[in-house]
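For reference, the structure is listed below as structure tokens.
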Amino acid sequence: MSAPVTRQVSGCAGWVLSPSGSDTERGQPLAAAVAELPVLDASGRRVTFGALFRERRAVVVFVRHFLCYVCKEYVEDLAKIPKSFLREADVTLIVIGQSSYHHIEPFCKLTGYSHEIYVDPEREIYKRLGMKRGEEISSSGQSPHIKSNLLSGSLQSLWRAVTGPLFDFQGDPAQQGGTLILGPGNSIHFVHRDRNRLDHKPINSVLQLVGVQPVNFMSRPTVIHV
């Protein structure tokens with residue numbers, strides 16, 4: 001039997017997140033109206049958000065936008081999580097972006113990510129979950145998942161933008177992401193809203209909360225950059 005979530009959500013009335021943006025505990029369920037909002041898969045098929053974690057716990061990672069070099073390198077490390085580790089803990093890993101669904105397949109090829117991924121093009125779920133827009137200046141520390149510096153990472157993002165089939169940011173560049181642990185059903189177990197692009201939750205700390213084995217992120221996978 002998989003280990004239980006060790007950090008439960010507690011506290012204030014309603015499911016809306018606190019304005020602090022810090023790791024938050026909640027005891028209230030996800031609102032049904034939010035669970036019924038749609039996301040799109042790589043083929044453009046609509047799926048209700050709540051259906052993604054109806055049957056089992058899920059780690060749901062909302063990323064800024066698909067051209068963001070920080071998101072790219074973070075998802076490259078999410079791609080290293082063996083599916084066998086997730087199966088043993090009966091946990092689903094889900095990434096949600098906010099671009100057109102046409103960008104999903106190229107992003108997965110770029111990062112090597114093969115777990116579940118969807119988009120929320122209207123950012124309606126981002127808004128209802130209280131994800132931030134804009135950069136909050138704060139000390140986020142050194143991320144173990146980001147290898148590029150601001151200059152080299154930004155140049156890579158610009159190059160992908162100008163060489164892609166459509167010159168766009170593949171999402172709102174001011175939008176921040178976050179990480180939640182949800183399910184089964186509309187249970188909220190853990191919430192972290194990113195205050196800026198480097199404020200994502202370290203992956204192994206999230207995996208520990210859902211009883212998934214830690215992953216060695218030192219060796220990078222072979223990724224074909226297109």
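The values are calculated or read from the model by the stated rules, or taken from the named source; none is laboratory data. Keep in mind it's a predicted model, so treat the numbers as computed, not measured. All Cβ positions, glycine included, derive from the backbone under ideal geometry; neighbour counts span all protein chains shown. Remember, those area values only see protein heavy atoms, side chains included, never the ligands or the DNA or RNA. Shrake-Rupley method; radii C 1.70, N 1.55, O 1.52, S 1.80 Å.
For this structure, a couple of remarks:
- Residue among Ala89, Ala79 that is touching a residue at least 40 places away in the same chain (Cβ under 8 Å), open to solvent by less than 10 Å² (accessible area, probe 1.4 Å) and among the small types (Gly, Ala, Ser): Ala89
- Top-ranked residue in the stretch 161-178 [being in contact with a strand residue (DSSP E or B) (Cβ under 9 Å, 6 or more places away or on another chain) and surrounded by fewer than 22 Cβ atoms within 10 Å (Cβ to Cβ); ranked as modelled with the lowest pLDDT]: Asp172
- Flag set for Gly50, criterion: under 20 Å from Gly183 (Cβ atoms), of a type outside the set (A, V, I, L, M), open to solvent by less than 30 Å² (accessible area, probe 1.4 Å) and out of contact with any strand residue (DSSP E or B) (no Cβ under 7 Å at 6 or more places or on another chain).
- Number of positions in the stretch 185-204 that are surrounded by fewer than 18 Cβ atoms within 10 Å (Cβ to Cβ) and farther than 17 Å from Pro144 by Cα: 1
Rundown of residues vs (1) of a type in the set (S, T, N, Q); (2) touching a Gly at 6+ places or on another chain (Cβ under 8 Å); (3) more than 18 Å from Glu124 (Cα to Cα), yes/no style:
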{"position": "Ala33", "(1), (2), (3)": "no, no, no"}
{"position": "Asp41", "(1), (2), (3)": "no, no, no"}
{"position": "Gly44", "(1), (2), (3)": "no, no, no"}
{"position": "Glu55", "(1), (2), (3)": "no, yes, yes"}
{"position": "Val60", "(1), (2), (3)": "no, no, no"}
{"position": "Val63", "(1), (2), (3)": "no, yes, no"}
{"position": "Tyr74", "(1), (2), (3)": "no, no, yes"}
{"position": "Pro82", "(1), (2), (3)": "no, no, yes"}
{"position": "Arg87", "(1), (2), (3)": "no, no, yes"}
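- From the options Ser205, Ser187, residue that is out of contact with any strand residue (DSSP E or B) (no Cβ under 9 Å at 6 or more places or on another chain), within 21 Å of Phe53 (Cβ to Cβ) and at pLDDT 90 or above: Ser205
- For the stretch 91-125, the set of residues classified as in contact with a strand residue (DSSP E or B) (Cβ under 6 Å, 6 or more places away or on another chain) and hydroxyl-bearing (Ser, Thr, Tyr) consists of Thr92, Ser99, Tyr101, Tyr118, listed by residue number.
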